[in-house]
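Here the structure is laid out as structure tokens; the discussion comes afterwards.
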Amino acid sequence: MKILVLNASPKGKNSATVHTALYLQALHPEHTFTVLPVGQRIRTIEGDFAPVRAELEKADLILFAYPVYTFIAPYQLHRLIELIKEDGVDLTGKFASQITTSKHFYDVTAHRYVEENCCDMGMKVIRGLSADMEDLLSEEGRRQARDFFDQLLFSCEHGPFVPPPVYAPARNRETYRPVVPAAEKRLDKDVVIVTNCAPEDESLAGMIEDFRAALPCRSRVVNLRQFPFDGGCLGCFGCAITGKCVYKDGFDEFLRTRIQTADGFVYAFSISDHYTHSSFKCFDDRQFCNGHRTVTHGTPIAYLIRGDYQHEPNLRMIVEGRAEVGGNYLAAVATDEADTTAAILSAAENLAFAMEKHLTRPANFYGVGGMKIFRDLIYVMQGLMKADHKFYKAHGIYDFPQKQKKRIWQMRLVGALLAVPSIQKKAKGQMTAAMVAPYETVVEQARDGKE
């Protein structure tokens with residue numbers, strides 16, 4: 001079988017991810033492996049796609065190899081997928097799978113993103129391997145890689161394949177025109193609208209214009225297509241200690257002085273390739289100059305999205321997950337799927353209310369689970385990620401359960417008492433009443449006006 005490994009890591013041959021593919025290649029000389037460092041050469045590929053097209057056409061199996069960056073794949077792979085679709089190379093019926101390495105922080109959304117785009121191109125998609133960054137260094141990790149490849153070859157012959165998502169056909173939309181009169185600017189707040197609106201995208205521009213008119217405070221627009229990015233994140237960890245990016249395009253300073261200083265954030269984009277144009281992913285990844293620090297915790301956010309958002313479950317998960325992990329109150333997601341004007345007005349009102357009242361909500365599984373992964377990662381890597389470690393200590397993120405010594409001993413005492421048959425008999429039916437007693441006290445205090 002001719003296997004094309006698309007190494008989408010910006011580190012090229014120094015990628016930990018691609019070494020899993022190289023390990024499998026070493027074990028299976030009966031198959032022809034071709035490894036293309038597409039992540040490292042994305043600028044060259046933009047200028048001449050022909051060499052990549054030739055390799056894609058020859059391949060029986062296309063294996064995407066990449067590290068997970070900020071909920072999805074790196075910017076470089078986003079851009080490559082755009083180029084593949086723009087070129088129109090026919091990949092119908094070819095097998096596709098993927099190998100990723102990460103600490104399992106939203107690897108599921110990264111895999112689904114690649115699967116969705118491969119299904120768009122008519123490929124037979126086989127579930128990929130999501131490995132820990134250090135799995136290849138352990139016998140168990142290598143066994144899992146071998147098992148993955150065995151299953152991959154079996155599936156190429158017999159299936160099963162990842163079922164293509166069922167999407168409603170995109171409806172023909174009329175160009176959205178601004179209709180909202182300017183609202184009174186009663187709030188002393190500053191909202192930044194981050195967008196990648198293309199010059200020809202009149203509908204998204206109209207949505208942004210109406211949102212700004214409806215917002216009862218000042219706002220400003222940052223268009224990412226106009227920022228002179230030198231490139232996507234390199235994953236070099238050069239910023240891990242100093243917080244300064246190795247690129248000299250000034251993005252880190254721009255991010256901290258022009259965007260993160262705002263009282264509210266709005267992200268505005270049109271859906272394409274199950275996310276949005278790669279310029280937004282470049283922005284996402286380059287924010288790694290902040291490391292894993294939730295530096296905008298408490299700042300509310302809203303979205304303006306043009307496209308069939310309701311039929312993009314993976315994108316919806318990413319939008320919610322970003323807010324939850326970052327500690328940002330998700331005030332609204334306004335789309336053009338129904339009554340666009342009403343959705344925009346509601347989003348503006350909700351964002352203003354969230355800023356005015358400093359709204360917060362407890363994190364759900366997306367936020368709690370994501371931050372626990374980061375908590376454990378930074379604690380282990382504190383010697384390298386010094387800025388992250390300092391931030392986590394200062395903000396009490398190191399909430400390890402073993403620190404709760406009083407609670408642990410209380411539970412041991414309760415467990416020991418309940419192990420006594422006579423006490424167990426007396427406690428029967430009273431446990432729930434005892435558990436709820438503190439909550440009843442809170443309610444009584446509220447009734448008495450003591451809250």
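The values are calculated or read from the model by the stated rules, or taken from the named source; none is laboratory data. In this text, all values refer to a predicted model and were calculated from it rather than measured experimentally. Virtual Cβ from ideal backbone geometry, glycine too; neighbours counted across all protein chains shown. The accessibility values were calculated without ligands, DNA or RNA, using every heavy atom of the protein model including side chains. Shrake-Rupley method; radii C 1.70, N 1.55, O 1.52, S 1.80 Å.
Listing for the model above:
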{"quantity": "The range 66-89: number of residues that are of a type in the set (Gly, Ala, Ser) and either open to solvent by less than 10 Å² (accessible area, probe 1.4 Å) or assigned to a helix (DSSP H, G or I) (or both)", "calculated": "1"}
{"quantity": "Scope the range 377-388; condition without any contact (Cβ under 8 Å) to a residue 24 or more places away in the chain and part of a helix (DSSP H, G or I); matching residues", "calculated": "TYR379, VAL380"}
{"quantity": "Failed criterion for ILE397 (all others in (1) assigned to a loop (DSSP other than H, G, I, E, B); (2) more than 22 Å from PHE71 (Cβ to Cβ) hold)", "calculated": "(2)"}
{"quantity": "Residue list for the range 310-337, restricted to those being over 12 Å from PHE265 (Cβ atoms) and charged (D, E, K, R)", "calculated": "GLU312, ARG316, GLU320, GLU324, ASP336, GLU337"}
{"quantity": "The range 351-365: number of residues that are part of a helix (DSSP H, G or I) and surrounded by fewer than 18 Cβ atoms within 10 Å (Cβ to Cβ)", "calculated": "4"}
{"quantity": "Some residue of the range 133-141 being within 18 Å of THR20 (Cα to Cα), in contact with a strand residue (DSSP E or B) (Cβ under 8 Å, 6 or more places away or on another chain) and of a type in the set (Asp, Glu)", "calculated": "yes"}
{"quantity": "Filtered residue count, the range 251-269, keeping only those that are open to solvent by less than 30 Å² (accessible area, probe 1.4 Å) and outside any helix (DSSP H, G or I)", "calculated": "6"}
{"quantity": "Matching entry among LYS386, LYS406, LYS450 (being surrounded by 10 or more Cβ atoms within 10 Å (Cβ to Cβ), out of contact with any Leu (no Cβ under 9 Å at 6 or more places or on another chain) and not aliphatic (A, V, I, L, M))", "calculated": "LYS386"}
{"quantity": "Checklist (1) among the charged types (D, E, K, R); (2) surrounded by 15 or more Cβ atoms within 10 Å (Cβ to Cβ); (3) under 21 Å from the mean Cα position of the chain (by Cα) applied to ASP336, failing item", "calculated": "(3)"}
{"quantity": "Subset of the range 338-350 (residues that are touching a helix residue (DSSP H, G or I) at 6+ places or on another chain (Cβ under 6 Å) and within 17 Å of TYR267 (Cβ to Cβ))", "calculated": "ILE344, ALA348"}
{"quantity": "Residue in the range 39-49 that is of a type outside the set (D, E, K, R), touching a strand residue (DSSP E or B) at 6+ places or on another chain (Cβ under 9 Å), touching a residue at least 12 places away in the same chain (Cβ under 8 Å) and open to solvent by 40 Å² or more (accessible area, probe 1.4 Å) present", "calculated": "yes"}
{"quantity": "Output for the range 90-114, where each listed residue is in contact with a Leu (Cβ under 7 Å, 6 or more places away or on another chain), open to solvent by 30 Å² or more (accessible area, probe 1.4 Å) and under 26 Å from PHE374 (Cα atoms)", "calculated": "LYS103"}
{"quantity": "Residues (open to solvent by 30 Å² or more (accessible area, probe 1.4 Å), of a type in the set (A, V, I, L, M) and either part of a strand (DSSP E or B) or closer than 30 Å to GLY122 by Cβ (or both)) located in the range 270-309", "calculated": "ILE271"}
{"quantity": "Selection count where residues are open to solvent by 70 Å² or more (accessible area, probe 1.4 Å) and either touching a Phe, Trp or Tyr at 6+ places or on another chain (Cβ under 7 Å) or not in a loop (DSSP other than H, G, I, E, B) (or both), scope the range 1-38", "calculated": "7"}
{"quantity": "Selection status of LEU22, touching a residue at least 12 places away in the same chain (Cβ under 8 Å) and closer than 24 Å to PHE161 by Cβ", "calculated": "no"}
